[in-house]
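The values are calculated or read from the model by the stated rules, or taken from the named source; none is laboratory data. All of these numbers come straight from a predicted model, not from anything done at the bench. FYI the Cβ positions are ideal-geometry reconstructions off the backbone, even for glycines, and counts take in every protein chain you see. Heads up: the accessible areas ignore ligands, DNA and RNA and are worked out on the full protein's heavy atoms, side chains in. Shrake-Rupley method; radii C 1.70, N 1.55, O 1.52, S 1.80 Å.
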Amino acid sequence: MPAINDVYASEAAPVVKPSNLKQTLPAIIVAITSAFGGILYGYDTGTISGVIVMRNFKDTFGSLQPSGEVDLSTGDQSLVTSILSAGTFCGALAGAPLSDILGRRWGLQVGLLVFVIGVVMQMATTDLGVFVGGRVVAGLGVGVLSTIVPMFQSETAPRWIRGAVVSGYQWAITIGLLCASLANNGTKDRNDTGSWRIPVGIQIGFAILLSIAFVILPESPRWLIKKGNHPAAAVALARLNGTDSDDPIVRSELSLIQNNLDLELSQSTGSYLDCFKTGERKYLLRTLTGVFLQAWQQLTGINFIFYYGVRFFQTAVPDGDPFVFQVVSNVVNVVSTLPGMWMMERVGRRNLLIYGALWMFVCELIVAVVGTATPVTNKAAGKSLVAFVCIYVAGFASTWGPAAWVVCGEIFPLAIRAKALSLCVASNWLWNFGIGYATPYLVNTGPGNAGLQTKVFFIWTATCFGCAVFAYFFVYETAQLSLEEVDELYAQTNARASSRANKEMRARRTDLEGVVAPPKDDESATADEKKY
């Protein structure tokens, strides 16, 4: 029978919610600071929506169209808007080896350097080909960030608020989108290249701030343990817990992480092939869940608003200011993410995904029906379209926006986490590219285009219903479990029974905490704990 301290180290640590702010604050600050990487993702995504309709940008990069005005062709619109996602797809895959070899912090620094090079290319040219190339290079950097940031957050955040702090990444994305719409609105009336170069160039400032932050932040203790550097892992854990490396809680957590890693490595080598293994630990199911979860997130249709929202608002309310509507929708996006962060631990990931998809389904259906049944000249109908688009954005921001990132950040074991998460993020960007490239052809009128206009929302209506079905059958409830406990959850049950199993696991842990206390000194510590 195992000693009582062995039980504590293998099942109960780290489980206790810190009793004071000093023990909690460092980890929260680290998680929130790293979320700043989402601002780059959101800002770069949102900038192009306004830039492609600015007069000087059209004059610089456009050509004479059959309509008689100088503008980007449908093909060029698709290319300029979506090509970033082609770069991010490759960057997301590169994020795994970078983070495994260099560590989470220095992998991010490489991504930031590549991103800045891409932004400079965009600012320094008046040639469309070079501008497109700059967006590809910038996309490589964004892809690296989008893989490493959620992983770093999941590995450093306390379990009892992990959902909220990882949701902070999505919140940062929404803040980036809002900043982009404000920058576009502030320069849209300029008649020189500053109208588009200023919004593009602001990104460099964000990148510099994030680079400075990651020089200061501690490395992921789980990555350090994976590399066998236990002294450094102890120091990192101590910083995250506001204590010292000799603290029994730190030793206990080191033991837990190491024991779990040993178990994982006994069943896998940590390669990409292991992401697709079947068996008790269900690696294949987890990988496919993450990959398709990110795909479904893009298929909600949200990037239609982020990429082409200005053009949509121009059509829906011809006598309104589309840039103002874009700002309003992004304010809704930012504000609505906050209740999603609050609900992440209270409502749970699974319920947020199921009911959030149904929420968006209803809004998309109303927009599609009203837009199809009423003429463009109907001002009341146009305003209702804008209103329900904003309600739809609120539904995405409070559910699928943050929850998809949270789930992907915590369902993978340490041995394959970097590689599996890179596949998930690559899926996000692949679908992002496909939807961004196809949308102008679906929406625009004229030869070679489908001319769907607002009818395109019928497509998003169907995909949102598919999101709800997918979440019901495949998403496990992982709220308030440690990353190591999530591994056990997958081994014990299925998605539909996971909520009940989750409660049982937390109840057993609470019972254990009531009778077992962490070791108080070196004499009462286990042999495993003393080793670290």
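Taking Met123, is it surrounded by fewer than 18 Cβ atoms within 10 Å (Cβ to Cβ), modelled with pLDDT of 85 or more and farther than 23 Å from Val406 by Cβ?
Judged against the criteria, Met123 is a match.
Residue by residue, here is whether (1) in a helix (DSSP H, G or I); (2) open to solvent by less than 30 Å² (accessible area, probe 1.4 Å); (3) free of Cβ contacts under 8 Å to residues at least 40 places away in the same chain; (4) of a type in the set (Gly, Ala, Ser) holds:
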{"position": "Pro218", "(1), (2), (3), (4)": "no, yes, no, no"}
{"position": "Arg222", "(1), (2), (3), (4)": "yes, yes, no, no"}
{"position": "Pro231", "(1), (2), (3), (4)": "yes, no, yes, no"}
{"position": "Leu265", "(1), (2), (3), (4)": "yes, no, no, no"}
{"position": "Asn303", "(1), (2), (3), (4)": "yes, yes, no, no"}
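What do you reckon, is Thr399 open to solvent by less than 40 Å² (accessible area, probe 1.4 Å) and at negative phi?
yes
Would a scan of region 433-451 turn up a residue that is surrounded by fewer than 19 Cβ atoms within 10 Å (Cβ to Cβ), part of a helix (DSSP H, G or I) and modelled with pLDDT of 95 or more?
no
Could you count how many residues in region 456-485 are assigned to a helix (DSSP H, G or I), touching a residue at least 12 places away in the same chain (Cβ under 8 Å) and either under 20 Å from Ala404 (Cβ atoms) or polar (S, T, N, Q) (or both)? I'd like the intermediate steps shown before the answer.
Kept after step one, since they are assigned to a helix (DSSP H, G or I), are these residues of region 456-485: 456-474, 483-485.
Now restrict to residues that are touching a residue at least 12 places away in the same chain (Cβ under 8 Å): 456-461, 463-468, 470-474, 483-485.
With either under 20 Å from Ala404 (Cβ atoms) or polar (S, T, N, Q) (or both) added as a condition, the list becomes 459-461, 463-468, 470-474, 483.
Number satisfying all stated conditions: 15.
From the list Val406, Val331, Val367, which one is in contact (Cβ under 8 Å) with a residue 12 or more places away in the chain, farther than 24 Å from Asn502 by Cα and crowded, with 22+ Cβ neighbours inside 10 Å?
Just one listed residue meets the conditions, Val367.
Starting from region 486-498, take each residue that is open to solvent by 10 Å² or more (accessible area, probe 1.4 Å) and list its partners that are part of a loop (DSSP other than H, G, I, E, B) and not hydroxyl-bearing (Ser, Thr, Tyr), counting only C-beta distances under 6 angstrom and pairs at least six apart or across chains.
So the pair list comes out as Ala491/Glu280; Ala491/Arg281.
Residue under question is Asn184, and the condition is that it be among the polar types (S, T, N, Q) and in a helix (DSSP H, G or I); does it hold?
Judged against the criteria, Asn184 is a match.
Looking only at region 457-513, filter to residues that are β-branched (Val, Ile, Thr), modelled with pLDDT under 95 and out of contact with any Leu (no Cβ under 9 Å at 6 or more places or on another chain); which one of those is farthest from Phe396 (Cα to Cα)?
Thr510
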